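The numbers here are math on the coordinates, done by the rules we state, and not lab data. A quick note: this is a predicted structure, and the numbers were derived from the prediction, not measured. In this analysis, Cβ positions are derived from the backbone assuming ideal geometry, glycine residues included, and neighbour counts consider all displayed protein chains.
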Amino acid sequence: MTLFLDVNALRDLVNKTGTSQFISGLLHFIEQDFIRWPYFDKSPRTAAHSKAGVIELMPVADDVNYGFKYVNGHPKNPTLGLSTVMAFGALSDVDSGYPKLLSEMTLSTAFRTAVTSAMAAKALAKPNARNMGIVGCGSQCEFQVIAFHIINNINEVRIFDIDEEAMDKVEKNLKNYPNIKIIRASSVKDCVQGADIVTTVTADKTNATILTSDMIEEGMHINGVGGDCPGKTELHIDVLKSGKIFVEHEAQTRVEGDIQQLEAQHPVYPLWRVIAGLDIGRDFEKQITIFDSVGFALEDLSILRYVYELAVEFKIGETISLIPALDNPKDLFKLAVVTN
């Protein structure tokens, strides 16, 4: 039998664990997998692009677990009453190929993306960073705010979106977090002015320039989260050239990330080596650091392993007959309904 977690089960897991503990636990899983980076069989995701958006498959494995995620990105979906990003995934045992877990990954992706952003900032931002600006108030925004509050002790966040109702939503959803001060900004420039950390998480599938060089200040750390496919960017090329750039899987980021704008020889640095303590992140306090985040399959494997462990511990989820149970493994035909 395979364990199945739907959206309600994932929500129950978070509530049972507690949001703070869930995020802290997930950080541990992602950090540990990044430290073991060389041991994973990695490849860029397979993407099917259309004028409306993209559908992707994201696989990764080590000698114990295989995981994959199906995920889309369709910026027009909110106008249709649908989510921009939706996902599901699976975790399998490498020795047998047996699927242990089939899980929703829309909520899971939001958590793992936010925690990965906060992990990168923990490694790259100034040690005394205490405030941040977030440009883009879509479905990812609140997750980013809470993850940065828990992991990076960020208590003041400026937000900006061209959609006023999106900013209303963020304020409403975070009103029960009194230790986080939310400030509405009037523009992107106002949002990032004086910020120690800046996160861009916009959804428009264009070569946008959300951040320009006149907005960048010494010592700033930038998480570019929204640029995640060919032809979709958020950072002006001059912003990229002004900082030290860190990436997940370089072969994927060169095609999908903001660095698709740069020549192939422009140096970028693997984030995993900083997490593992093998390389230094920020070289000096006034340096500008950039995490060109596109989302990588290893982060999905981390949360799949994490929620599977929690679900077994708390007995949450249901078992389903995803794979036939056979008395004789060679006799599949007897399960078929045959009519003459």
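Percent of C-alpha pairs per 20 Å bin in the chain, short distances first: 31, 57, 11, 1. Taking 18 Å as the straight-line reach from the Cα of K42, the lysines in range (excluding those fewer than 8 positions away in the same chain) are K69. Taken over the range 113-295, lysine pairs spaced eight or more positions apart, or on distinct chains, with alpha carbons under 24 Å apart number 27.
When each of the peptides 249-259, 165-175, 269-279 is scored by how many other beta carbons lie within 10 Å of its residues on average, the order from highest to lowest is 249-259, 269-279, 165-175. What the Cβ-Cβ distance of K181 and A276 gives, at R0 = 30 Å and to the nearest 0.05, is a FRET efficiency of 0.30. For M1 and D327, the FRET efficiency from 1/(1 + (r/R0)^6), where r spans their Cβ atoms and R0 equals 22 Å, is about 0.90. Computed over the alpha carbons of the range 113-295, Rg followed by Dmax gives 15.0, 47 Å. Please report the spacing between the Cα centers of the range 27-102 and the range 214-280 in Å, no decimals. Here the two parts' Cα centres lie 21 Å apart. Screening the chain for whole DSSP H helices of 18 Å or more along their axis (Cα) with average Kyte-Doolittle hydropathy at least -0.5 returns 19-35, 106-124, 297-314. Take each peptide in 61-71, 322-332, count the other Cβ atoms within 10 Å of every residue, and average; sorted highest first, the result is 61-71, 322-332. Here the sum of -39500 (n - 2.57) over DSSP H runs of 4 or more residues, divided by the residues of the chain, equals -9500 deg cm²/dmol at 222 nm, to the nearest 500.
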